[in-house]
1. Within the stretch 34-72, how many residues are hydroxyl-bearing (S, T, Y) and either outside any loop (DSSP other than H, G, I, E, B) or in contact with a helix residue (DSSP H, G or I) (Cβ under 7 Å, 6 or more places away or on another chain) (or both)?
2. What single numbered condition from (1) at pLDDT 95 or above; (2) more than 12 Å from the chain's Cα centre (by Cα); (3) among the aliphatic types (A, V, I, L, M) fails to hold for V74?
3. Of all the residues that make up the stretch 24-58, how many are over 20 Å from L76 (Cβ atoms), polar (S, T, N, Q) and modelled with pLDDT under 95?
4. Provide a single number: the residues in the stretch 1-33 that are exposed (fewer than 14 other Cβ atoms within 10 Å of the Cβ), outside any loop (DSSP other than H, G, I, E, B) and hydroxyl-bearing (S, T, Y).
Amino acid sequence: MACVPLSEMNKQHSGQILRLRGSRSLRQRLAAIGILKGQPVSLKATTLWGGPRVYTIGQHQYCLRHEEACQIEVQLADIADCA
């Protein structure tokens, strides 16, 4: 699968933000802190019990809950086809 939610990425993946989903307020909040379409993204750190994960997006690091990461769609770098 070429496009995945950010929450499904692992440390071996890198990609680019394809779109932000979710409520309007969530999309606005993500955009306000600098999470925008087209930015490169990778997973930096995880926790043992599935808590928040740290992602490198652009040149910054963000700690996102699973519910937020599910709303960010990512095109994986090694897979070109994305509907």
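The values are calculated or read from the model by the stated rules, or taken from the named source; none is laboratory data. Being a predicted model, the structure only gives us computed values, none of them experimental. No Cβ is skipped: glycine too gets one built from the backbone with ideal geometry, and neighbour counts run over all protein chains shown.
1. Residues meeting the conditions: 4.
2. Only one criterion in (1) at pLDDT 95 or above; (2) more than 12 Å from the chain's Cα centre (by Cα); (3) among the aliphatic types (A, V, I, L, M) is unmet by V74, namely (2).
3. Total meeting the criteria: 1.
4. Result for the stretch 1-33: 1.
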